[in-house]
1. What pairs come up if the first residue lies in segment 57-82 and is over 18 Å from SER31 (Cβ atoms) and in a helix (DSSP H, G or I), the second is modelled with pLDDT of 80 or more and among the aliphatic types (A, V, I, L, M), and their beta carbons are under 7 Å apart, counting only those six or more places apart or on different chains?
2. Can you find, within segment 1-48, the residue that is farthest from the chain's Cα centre (by Cα) among those that are of a type in the set (Ser, Thr, Tyr) and at pLDDT below 80?
3. Could you please find all residues in segment 23-48 being outside any helix (DSSP H, G or I) and without any contact (Cβ under 8 Å) to a residue 12 or more places away in the chain?
Amino acid sequence: MARARKIQRFFKPALPTSPRFFTGTPGVLVSVEDTVRGFKGIVNGDYDHLPEAAFYMVGTIDDAIAQGEEARRSRLTAKQHRSRGHPWPRNSP
């Protein structure tokens, strides 16, 4: 079921026709080859380690991988910050 949700999110790309002010994300054109490569990888389980959110509003599977890694780093930073006794996000002047 998780792979099906990832596929669903992967096929909702940031379309170049959608206004940037509406989505907050610039549009991307993705080749058929890149789309098929990403789809096959998701179906084969190559990207099971990535969270579902990494597949939403991205162009290629490489963008999803980058977004997933960024989310992982953000979670680690938040966890490290909390372990030092600071609330997250930290309110700074």
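1. GLN67/ALA54; GLN67/VAL58; GLY68/LEU50; GLY68/ALA54; ALA71/ALA53; ALA71/ALA54
2. Step by step, filter segment 1-48, then rank; the result is THR17.
3. The answer is GLY24, SER31, ASP46.
The values are calculated or read from the model by the stated rules, or taken from the named source; none is laboratory data. Keep in mind the model is a prediction, meaning the values are calculated, not measured. Counting neighbours? That spans all protein chains shown, and the Cβs are built from the backbone with ideal geometry, glycine included.
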